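**Student:** Okay, handing you the structure first.
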Amino acid sequence: MQTLQELGEAVAARRKQLGLKQGDVAAMAGVTAESLSRFERGRSAEFGTRKLLAVLAVLGAELDVLTQGQSGNLDELRRERSQTAAPEAGAA
């Protein structure tokens, strides 16, 4: 993710995946439903770290910080894993 809007979209996707309503997540996280709604739509620059972490905890998610260049899609990760596993298999 590169932007706060993408982060908000990811939070919304996770919430929907779990079948939870904005109001329910907001109440469990101790934030207003309006604030969560704005964040999910990328309309809130004032959604603080504490609020974000509380929402993520409700959704069973966490925030990982990666060094630039260490992200990739699933196919790239599988390819990288198979390349690093191949030399070990040959040594056995």
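**Student:** Using a Förster distance of 25 Å, how high is the FRET efficiency between Thr49 and Glu80, based on the Cβ-Cβ distance and rounded to 0.05?
**Tutor:** Working: r = 31 Å, r/R0 = 1.24.
The formula returns an efficiency of 0.20 here.
**Student:** Using θ = phi - 60° and the Karplus curve 6.51 cos²θ - 1.76 cosθ + 1.60, what whole-Hz ³J(HN,Hα) does each residue of region 7-18 get, with Gly and Pro shown as x?
**Tutor:** 5, x, 5, 5, 5, 4, 4, 5, 4, 5, 4, 7
**Student:** Another one. What ranking, highest mean first, results for peptides 55-61, 18-24 when packing means the other Cβ atoms within 10 Å averaged over each residue? Each step should come with its number before you reach the end.
**Tutor:** On the way: 55-61: 16.4, 18-24: 13.0.
Ranked by mean Cβ neighbours within 10 Å, highest first: 55-61, 18-24.
A short reminder: the numbers here are calculations on the coordinates, not readings from a lab. Note that the structure is predicted; figures quoted are calculated from it, not measured. Positions of Cβ are generated from backbone atoms using ideal geometry, with glycine treated the same way; all protein chains shown enter the neighbour counts.
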